[in-house]
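The values are calculated or read from the model by the stated rules, or taken from the named source; none is laboratory data. Everything numeric in this text was worked out from a predicted model, so none of it was measured. Cβ placement follows ideal geometry from the backbone for every residue including glycine, while neighbour counts extend to all protein chains displayed.
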Amino acid sequence: MARILALDFGKVRTGIAITDELQLIASGLTTIETKDLLSFLEEYIQKESVERFVVGLPKQMDNTASESEELIQDFLKKLKAKFPSMPVERQDERFTSKMAFQSMLDSGMKKKKRRDKALVDEISATLILQAYLNRF
């Protein structure tokens, strides 16, 4: 089986998570500057078998699209142009940043490490991916 790769897309940086080959466990992979994201994905897919992308779907509490959705839509066009045969699915990402921060607190992580926004993005991508896996 191939892996599933999830993205917590952001204007400046994007958190990335990946499943194991059996698609059972979501793990944080890295956080990358968004401007380098497509080239990173291209390199990664050359090394690892990836079956699909899952991209976070930011929504407001009233279920309307968040402001960042416009940026994500632009990115999705580029992603589909670069990887035309790769399926892309969306996963609601409400509260993932808060849940990521809370998981850092619960794990006893030091304050300095909790300020690392890149780590929050990576954990958020992991939560998006795990929520996607839990749907099935």
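A few notes on this one:
- Residue in region 34-93 that is farthest from L133 (Cα to Cα), counting only those that are aliphatic (A, V, I, L, M) and exposed (fewer than 11 other Cβ atoms within 10 Å of the Cβ): A81
- Within region 45-73, the set of residues being charged (D, E, K, R), at pLDDT 95 or above and over 14 Å from the mean Cα position of the chain (by Cα) comprises K47, E48, E51.
- Members of region 24-33 found to be polar (S, T, N, Q) and surrounded by fewer than 17 Cβ atoms within 10 Å (Cβ to Cβ), listed by number: S27, T30
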